[in-house]
1. Across segment 66-90, what is the number of residues that are open to solvent by 40 Å² or more (accessible area, probe 1.4 Å), more than 19 Å from Ser44 (Cβ to Cβ) and assigned to a loop (DSSP other than H, G, I, E, B)?
2. Give Ile189, Ile216 a once-over and let me know the one that is buried (at least 21 other Cβ atoms within 10 Å of the Cβ) and in contact with a strand residue (DSSP E or B) (Cβ under 7 Å, 6 or more places away or on another chain).
3. Output the residue which, of all residues in segment 9-37 that are part of a loop (DSSP other than H, G, I, E, B), near the ligand (Cβ under 7 Å from one of its atoms) and not aromatic (Phe, Trp, Tyr), is surrounded by the fewest Cβ atoms within 10 Å (Cβ to Cβ).
4. Please work out if Thr125 is buried (at least 22 other Cβ atoms within 10 Å of the Cβ) and among the hydroxyl-bearing types (Ser, Thr, Tyr).
5. Show the residue pairs that are 6+ apart or on different chains and have beta-carbon atoms under 8 Å apart, the first residue being within segment 106-132 and assigned by TED's automatic domain parsing to the domain that holds Glu176 and on the phi > 0 side of the Ramachandran plot, the second being of a type in the set (Lys, Arg) and in a helix (DSSP H, G or I).
6. Which of the residues that make up segment 94-105 are farther than 26 Å from Ile189 by Cβ and either of a type in the set (Val, Ile, Thr) or surrounded by fewer than 13 Cβ atoms within 10 Å (Cβ to Cβ) (or both)?
7. Report yes if Glu320 is among the acidic types (Asp, Glu), in contact (Cβ under 8 Å) with a residue 40 or more places away in the chain and in contact with an Asp or Glu (Cβ under 7 Å, 6 or more places away or on another chain), otherwise no.
Amino acid sequence: MSYLTLKNINKIYPNGYHAVHNFCMEIEKGEFIVFVGPSGCGKSTTLRMIAGLEDISNGEFLIDGKRANEWGPRERQIAMVFQSYALYPQMTVFDNIAFGLTLQGVDEEIIEEKVKNTARILGLTDYLDRLPRALSGGQRQRVAIGRAIIRKVGVFLMDEPLSNLDAKQRVTMRSEIAQIHRETGATTIYVTHDQTEAMTLADRIVVMKDGYVQQIGTPYELYYKPVNVFVAGFIGEPPMNFIRGVVKNGNISFGNNTLELGKRLGAKVGEYEGKEIIFAFRPEAITLESEADAYQVEALVELTEMLGDSVNVYITAEDEKAILKTDPHDMPELDSIISFSIPYKDVYLFDGETENVIL
Ligand code: ADP
């Protein structure tokens, strides 16, 4: 039996807006789950229904196999860390972390031991006597996390916890959150719109769009086996390249390129004759040499971006545009025509109508 079960969860707000549709998932103890998707896709709403801060309009939420829809936040044994880490400004770090336990009337010695242990996990031991205003943004966020993890709860919910930090702090804090998860082993559900955070932190990612779950899988599965164009385009930076075309004589054409789809699709290519198809490949899946078992494509170089470890090359062939990621040591020249290879096995094909993956 899974630890948390979401069965056909729906949220319809009082104004009639249907924010979450039939969300289904089983979550195991100790998993780090990330909900990712663009702003407004229903991530926070789902998290708040799990927390008990928002009613579930339809469907069933189970904790350890027991229906928990009607349970209050406390009964659910859940702690939540929000975007704005509201700390008590007049209290020291120690008192902020201890706050929940103090309220519960826990014995002082036990509080002291627990706060010290939590501070050690979070690297806050030297800051326990400070007030929040004498801490950096990252340290404050760690105090907020400390306040949540000191309570022995079953699940941690985090809603965009890093969004108030600058880019560098976010990267540091991200690895710290991964470390904290490793030490505590706590089941965690984390909401973000940032695919890099999702990829680096998650055991499993839930990709959402317009209130619907698009795909649930490990970072590897989402990257290499996306189920549709949305997931394929959302995960990965620069994003996957998509070329739309109608299949004619088993080929799709753009610019000077005629690509034989049978090379990828085999005998199935006949089923797609006359239909719209999306030919797709990741920016890094190419080489600038001519390879065997690969599509050869010609295109014009419009722009290059030197990133140090790689170069992003923006290319165009008739109306189609794509980005290639190449070796920094052989950067193509601007306005030149280049030829590159995309191995057949690295090409994704999507149905032009449903946008679902074909292979
Ligand atoms: P996300 O966390 O993915 O950015 P939210 O879960 O916050 O998205 O919101 C999902 C959708 O529900 C959005 O379109 C938002 O405007 C809408 N929404 C959120 N809260 C309410 C509310 N109280 N009443 C009506 N609509 C809401």
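The values are calculated or read from the model by the stated rules, or taken from the named source; none is laboratory data. None of these values were measured; they are calculated from a predicted model. Because the Cβ atoms are built from the backbone with ideal geometry, glycine has one as well, and the counts that use them run over all protein chains shown. The accessibility values were calculated without ligands, DNA or RNA, using every heavy atom of the protein model including side chains. Shrake-Rupley method; radii C 1.70, N 1.55, O 1.52, S 1.80 Å.
1. Selection size over segment 66-90: 8.
2. Working: Ile216 fails: buried (at least 21 other Cβ atoms within 10 Å of the Cβ).
Exactly one of Ile189, Ile216 is buried (at least 21 other Cβ atoms within 10 Å of the Cβ) and in contact with a strand residue (DSSP E or B) (Cβ under 7 Å, 6 or more places away or on another chain), namely Ile189.
3. The initial filter retains those residues of segment 9-37 that are part of a loop (DSSP other than H, G, I, E, B), namely 13-17, 28-31, 37.
Next cut, near the ligand (Cβ under 7 Å from one of its atoms) only: 13-15, 17, 37.
Those left that are additionally not aromatic (Phe, Trp, Tyr): 14-15, 37.
On the way: Pro14: 7, Asn15: 5, Gly37: 26.
Result: Asn15.
4. Working: buried (at least 22 other Cβ atoms within 10 Å of the Cβ): no; among the hydroxyl-bearing types (Ser, Thr, Tyr): yes.
Answer is no for this residue.
5. Gly123/Arg142
6. To start, the set of residues in segment 94-105 that are farther than 26 Å from Ile189 by Cβ comprises 94-95, 102, 105.
Correct list: Thr102, Gly105.
7. On the way: among the acidic types (Asp, Glu): yes; in contact (Cβ under 8 Å) with a residue 40 or more places away in the chain: yes; in contact with an Asp or Glu (Cβ under 7 Å, 6 or more places away or on another chain): no.
Criteria not met by Glu320.
To keep it simple, each residue is scored yes or no on (1) closer than 24 Å to Ile27 by Cβ; (2) away from the ligand (no atom under 16 Å from the Cβ); (3) among the aromatic types (Phe, Trp, Tyr); (4) not assigned by TED's automatic domain parsing to the domain that holds Gln195.
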| position | (1), (2), (3), (4) |
| --- | --- |
| Ala148 | yes, yes, no, no |
| Val153 | yes, yes, no, no |
| Leu157 | yes, no, no, no |
| Leu165 | no, yes, no, no |
| Met173 | yes, yes, no, no |
